[in-house]
Amino acid sequence: MTERYDLVVVGGGLLGCLTAWMAARDGAHVLLVDKDQVNQHASGQNAGSLHFQLEYRMVEAGEGAARVAAEAMPLHLDAAAMWARMEDEIGEPLGVRQTGGLMVAENTDQVRMLEFKAELERSWGLDVRTLDRTELDAVAPYLSRNILAANLSALEGKADARIAAPAVGRAAVAAGASVRTRSRLVGAHRVPTGWEVTLRETGRAGDERARTVRTAAVVLAAGVWTTELGRIFDSELPTVPLALTMTVTSKIPKLIPHLVQHAGARLSLKQSLDSTVLIGGGWPARLMRDAHGAPAFDRKHQLIPQSIAGNARAAVNTVPALERVPAVRSWVGATTVAPDQLPLVGAVKGAPGVFVATGGSAFTLGPSFARVLTGLIAGRSPDIDLAPYDPARFAERSTS
Ligand SMILES: Cc1cc2nc3c(=O)[nH]c(=O)nc-3n(C[C@H](O)[C@H](O)[C@H](O)COP(=O)(O)OP(=O)(O)OC[C@H]3O[C@@H](n4cnc5c(N)ncnc54)[C@H](O)[C@@H]3O)c2cc1C
C-alpha cells in the first residue's frame, strides 16, 4: 500500500529538522528525508553565528544594497525571539547564547557605514547602538586599539552547529515525524491529492531501491541543492552557490563574550562554549564542478591557503590576543545566497503544495523560515509580508 503523508520535508539540515518538528507538533503526519545523514552539510559545517545585524556582504556593495538586504529584517526579528526560547521548546541544549554581537569599524568610512546601518536597522525595529572607543574599552577590551567604534546588537550570539539540527531532529521524531536518511528525492508528479514523490533509498550494503510516497505538501529544505530540486518540480529556483572557509583554534581562557563581525572585512569570530575560537566570515574556498562546469555539490570542495591566511590575519588584526593561539583545523562548507541577497521563502510557483526556503543566513533564520513555511502549509495567513522573498521574483523580473 502506498504510504501517505501530509508533508514530506526534503533535507535534514537545521531548516528541514525545524520544519518537520513544527509541522509534526501542529499535528501533521510528516516524513523528513535526507539523501545523506542529518546535519552532514551546511547546517553542521557553519559558524553558528546568530547575526541579526546586516552582514559585511550586505553593506560592502553600498547603501542601496544594504537597504534591499534590510527587507529581511522582519525574519531576523522573528528568528531572534525564537532562538531565545528554542532550547526550552526542544528540551535539549543547542549551545544558544545571545550575549550580544559587535560589528567593528577601524576607519572613518566604516564608522559612517555603521551609523547609516544602525539607523536603517532601527527603522526596521532592531535595537542597535553605535559604541565609541571609550565604551568599547569597557565592553570589549579584547578588541585591537585600531578599532574606532562598533555597532552592538544585544540579541546576537551563537548556537552550536554540531548539535542544533540533530537535537531538533530528535524533537521532530518525538512529535511524531518519521526521518529517513540515505533517501534521495529523485522524482515527483502531481496526483489529485497532492504529489507522488519517488525516493531512491540506499541500504547499508550500498544496495538501492525506489520507494514512492504520496503527500499533500512538500518542503524543499535542501540548501545548495535547491535549484536542482526545483527542476524536479519544473520550477526555476535560482541560487548562487558559495564554498566558504572556517577555522577553529585550540582552547583559550574565556576572552570573547560577543559575536564579532567587521564592517570592512570578511570576518566573524566567537568563542565557543568549549572555549575554542571559531573564525569565518565568508572567505572563499574552491567549489568543485563537473565536466560541464556545473557545481558538483556531492564532491569535497577544496580549501584555498590564501583564504585561511587572510581570515587569520583579519582575526588577529581585530583580536590581537589570537596571534599566539594555534589554529587546529580548517574546513570548507557550501551554502547559497539568492542573486539579490534576500532569501527565497514561500510557495513554489506552478507547483501547488510545494514550498521552499533557502538563501543567506539560513542557520540564523532557520526558525523564522520554518515557522513561516509551516504556517503557509497549514493555510494560515502569514504575519510577515513575504512578497520580498517570493521564490518567483527572478522569473517575474525577467519576463516583465
Ligand atoms: C562555512 C559556512 C559558514 C556559515 N556561517 C553561518 C553563520 O554563522 N550563520 C548563519 O546563519 N548561516 C551561516 N552559514 C549558512 C548556513 O550554514 C546555511 O544557510 C544553513 O545551514 C542552511 O541550512 P539548510 O537546512 O537549509 O541546508 P543544509 O544544512 O545544507 O541541508 C540540506 C540537506 O538537504 C539534503 N538534500 C539535498 N538534496 C536532497 C534530495 N534530493 N533528497 C533528499 N535530501 C536532499 C542534503 O543532503 C542536506 O543534508 C554558513 C555556511 C557555511 C558554508
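The values are calculated or read from the model by the stated rules, or taken from the named source; none is laboratory data. The structure displayed is predicted, hence computed values, not measured ones. Cβ coordinates were reconstructed from backbone atoms using ideal geometry, including for glycine residues, and neighbour counts include every protein chain displayed. These area figures cover heavy atoms from the full protein model, side chains too; ligands, DNA and RNA do not enter into them. Shrake-Rupley method; radii C 1.70, N 1.55, O 1.52, S 1.80 Å.
Over all distinct Cα pairs, what is the inverse of the mean 1/r for the stretch 194-279, reported as the Kirkwood hydrodynamic radius in Å?
Result for the stretch 194-279, one decimal place: 17.5 Å.
Counting helices only, and only those DSSP H runs with n ≥ 4, report the 222 nm mean residue ellipticity of the chain as the sum of -39,500 (n - 2.57) divided by its residues, in deg cm²/dmol to the nearest 500.
After summing the helix terms and dividing by residue count, I get -8500 deg cm²/dmol.
Given the C-alpha centroids of the stretch 1-72 and the stretch 344-396, what is the distance between them in whole angstrom?
What the calculation gives is 10 Å, centre to centre.
Please find the FRET efficiency linking E63 to Q37, where r is the Cβ-Cβ separation and R0 is fixed at 45 Å, and quote it to the nearest 0.05.
Values: r = 42 Å, r/R0 = 0.94.
For E63 and Q37, the calculated efficiency is 0.60.
At 1.4 Å probe size, with every protein chain present, just tell me what the per residue accessible area of the stretch 193-241 comes to in Å².
Each residue of the stretch 193-241 exposes 46 Å² on average to a 1.4 Å probe.
Along the positive direction of the dipole of the stretch 71-112 (beta-carbon charges: Lys, Arg +1; Asp, Glu -1; about the Cα centre), which of I90, G100, H76 reaches farthest?
Among I90, G100, H76, the one farthest towards the positive end of the dipole of the stretch 71-112 is G100.
Length gain on complete extension for the stretch A309 to R145, per 0.36 nm per residue less the alpha carbon to alpha carbon distance?
Full extension of this stretch gives 56.9 nm more.
How would the stretch 132-260 be classified by its alpha-carbon gyration tensor: rounded, prolate or oblate, with rounded meaning a/c under 1.5 and the a/b versus b/c comparison settling the rest?
The shape class here is prolate.
Based on alpha-carbon positions alone, could you give the equivalent ellipsoid semi-axes of the stretch 41-129 from the gyration tensor, as √(5λ), descending, whole Å? Intermediate values should be presented prior to the final figure.
Numbers: eigenvalues 141, 41, 32 Å².
Equivalent ellipsoid of the stretch 41-129: 27, 14, 13 Å, largest first.
Could you give the angle, 0 to 90 degrees to the nearest 10, between helix 108-123's Cα long axis and the longest principal axis of the Cα atoms of the chain?
With both axes taken from Cα atoms, the answer is about 50 degrees.
When DSSP beta bridges are limited to those with both residues in the chain, what percentage is antiparallel, rounded to the nearest 5?
In the chain, DSSP labels about 70 percent of beta bridges as antiparallel.
Give the lysines whose C-alpha is closer than 24 Å to that of K35, dropping any in the same chain fewer than 8 places away, or say none.
Straight-distance partners of K35: K300.
For the stretch 261-345, taking Cα atoms only, what is the radius of gyration to one decimal and the Dmax to the nearest whole Å?
My reading of the Cα-based Rg and Dmax gives 15.1, 46 Å.
Below 27 Å, Cα to Cα, which lysines can K254 reach? Residues fewer than 8 away in the same chain don't count.
K254 reaches K158, K270.
To the nearest µm²/s, what D does Stokes-Einstein give for the stretch 1-157 at 4 °C and 1.567 mPa s, using the Kirkwood radius over alpha carbon pairs as Rh?
Translational D for this selection: 72 µm²/s.
Roll a 1.4 angstrom probe over the protein heavy atoms and tell me the percent of accessible area of the chain that is carbon or sulfur.
Carbon-and-sulfur percentage of accessible area, whole number: 52.
Between the helical axis of 164-174 and the dominant principal axis of the chain, each derived from Cα atoms, what acute angle in degrees is found, rounded to the nearest 10?
30
Can you compute the FRET efficiency between R214 and E92 using 1/(1 + (r/R0)^6), with r the Cβ-Cβ distance and R0 = 30 Å? Round to the nearest 0.05.
0.40
On a 0 to 90 degree scale, rounded to 10, what angle separates helix 73-90 from the longest Cα axis of the chain?
For 73-90 against the chain, the angle is about 80 degrees.
Debye calculation, C-alpha points only, no solvent: report log10 I(q)/I(0) for the stretch 238-396 at q = 0.11 Å⁻¹, in the same order as the q values.
Treating every Cα as an identical point scatterer, log10 I(q)/I(0) equals -0.58.
What dipole magnitude, in Debye to the nearest 20, does the stretch 230-344 give about its Cα centre under +1 on Lys/Arg Cβ and -1 on Asp/Glu Cβ?
520
Under a crude label model (7 Å from the Cα following the beta-carbon direction), how far is E119 from D383 in nanometres?
3.2
For the pair V316 and L255, how long in nm is the line joining their label points, each one 7 Å along Cα→Cβ?
Label at V316, label at L255, 1.2 nm between them.
Is the chain rounded, prolate or oblate when judged by the Cα gyration tensor, a ≥ b ≥ c being the square roots of its eigenvalues, rounded requiring a/c under 1.5 and prolate requiring a/b larger than b/c?
Cα axes put the chain in the prolate bin.
What FRET efficiency comes out for the pair T193/R231, r = Cβ-Cβ distance, R0 = 22 Å, nearest 0.05?
Efficiency for this residue pair is about 0.45.
To the nearest 20 debye, what is the magnitude of the charge dipole of the stretch 122-177 about its Cα centre, counting +1 on the Cβ of each Lys and Arg and -1 on the Cβ of each Asp and Glu? Show your work: numbers first, answer last.
Working: 7 positive and 6 negative charges, 39 e Å.
That gives a dipole near 180 debye.
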